[in-house]
Amino acid sequence: MELLDVIKKLVSFKTITGNQSEIEKCLKYVEKLLKPSGAKVDVFSYENVSPVIFAKNTEGQHFDVLVLGHLDVVPADDEMFEPYFKGGKLYGRGTLDMKSFAAVAISSMADVMKEKLPIKFGFILSTDEEQGSKSLEAFLKDHPKLKADVVLDNDVGGDISKIVVRCKNPVFVEIKAKGKAAHGSMPWDGVDANEQLFNTWQNIRKIYPAFSKDEKKPKNTWIDTVHFAKIEGGKVANIISDEATALLDFRLTEKSSVADLKKKLKKCMAKGVSFEIKMQSIPVVVDEKNQVLLSYKQLAEKVLKKKINFEYMGGATDSRALYERGSVVIMHSGTGDGMHAKGEYVEIKSVEQIADIQMKFLRFLAGKL
């Protein structure tokens, strides 16, 4: 199995989230790739969500190691699904996020089977991660006893010299303002829901300040943040708006709780304004002295021939679902840039190094290194 060929083939599938025909073609390709290995490969489909592919070398539900990732991508022009190699970099949609590392998981599965490693190993690849991972949520609900001692998460693309050990808790909050409609020329006859929303916004900003690329970056970025993701209010220009809504995207560190957030938000609500938590999760915090993590780090440093640093990431990770079930999550990916952008690329050497590190780690855990 040539890793680069597998990556290029995966990238060629236009698996934009929701493009079911291309997703199904991609899943069939993965199944066909692994068939000669003897690995058990299943595709799970659930009502109103995209499929999940699950490959494993055991019939049990408790794994030594699981790799977690996804095969869907964000929209792109057609030419981005025609990957090309230039200057050691592979360009194309999904090269960094994260088909290159899905290919690594597939390769690792084939090698584990070939070497008959005495380790319970598998991978789970969802197909709607870019729009909320409802497929993974349905899969894990359908597999309540599924556990893994270690989860390898390569979906933190950007820099192979860093291992992510902390991710924030994403909390989405909807704010609703109820006012009273009136003619735009007589604002004293109405209650402007937009104004109520803005007043609430200002109150929130007193607690959670705004940040911008045009301003000085804070020395400490491991702080709670919020951005106003979506704002709607008003129907026509000459009517006082009687309703306005906003969707807020909070990112909380492990030092903050959703309960504390609710207390703060209650104090921020202007008259006629309420809020609702639409989605919440948990932060992922891995003990930097964990021996399994340190063993992985040591192996990775030997492959890379340089020191690896631990890093904190403001984004969320799908591996939090298995972290909740007791897994040690190791978040490490290859080097690249342009995620979700036109010039997305991955450095192929870094992908090959991740593949090497992953197999060395699996052999180590199996007592074969």
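What follows draws every value from the coordinates through simple rules; no lab data is involved. None of the values given here were measured: they were computed from a predicted structure. All Cβ positions, even for glycine, are placed from backbone atoms using ideal geometry, and neighbour counts span all protein chains on display.
Some points to look at:
- When percent of Cα pairs over 38 Å apart is computed from the coordinates, the matching label among (i) 19; (ii) 9; (iii) 26 is (iii).
- Reference-scaled alpha-carbon Rg (2.2 N^0.38 Å with N residues) for segment 257-369: 1.48
- Here each label is just a point 7 Å from Cα along the line to Cβ, and for Val43 and Leu369 those points are 3.3 nm apart.
- Cα-centred dipole magnitude for segment 1-152, charges only on beta-carbon of K, R (+1) and D, E (-1), debye, nearest 20: 460
- Neighbour-count order for Ile106, Ile231, fewest beta carbons within 10 angstrom listed first: Ile231, Ile106
- Exposure proxy ranking, count of Cβ atoms within 10 Å, fewest first, for Ser126, Ser350: Ser350, Ser126
- Between the residues Leu197, Gly234, Val156, the greatest Cα displacement towards the positive end of the dipole of segment 106-242, with unit charges on the Cβ of Lys, Arg, Asp and Glu, is found for Val156.
- Exposed loop positions in the chain were taken to be GluC sites (Glu not before Pro) whose DSSP state is not H, G, I, E or B and which have at most 13 other beta-carbon atoms within 10 angstrom. Between these positions, the longest stretch is 60-214.
- Cα gyration tensor, segment 17-147 - rounded (a/c under 1.5), prolate or oblate: oblate
- For segment 169-279: rounded, prolate or oblate by the Cα gyration tensor [a/c cutoff 1.5]: prolate
- The local environment of Gln196, defined by Cβ-Cβ distances under 14 Å, has a net charge of -1 under the rule Lys, Arg +1 and Asp, Glu -1.
- Ordered by the count of other Cβ atoms within 10 Å of each Cβ, fewest first, Val236, Val65 give Val236, Val65.
- DSSP beta bridges confined to the chain are antiparallel in about 70 percent of cases.
- Oblate is the label for segment 134-224, because the ratio a/c of its alpha-carbon gyration tensor axes (a ≥ b ≥ c) is 1.5 or higher and a/b is not greater than b/c.
- Each of Tyr312 and Asp287 was given a label point 7 Å from its Cα along the Cα-to-Cβ line. The distance between the two points is 2.0 nm.
- Sites matching trypsin sites (Lys or Arg not before Pro) across segment 181-277 that sit in DSSP coil, with at most 16 neighbouring C-beta atoms within 10 Å: Lys213, Lys216, Lys219, Lys235, Lys255, Lys271
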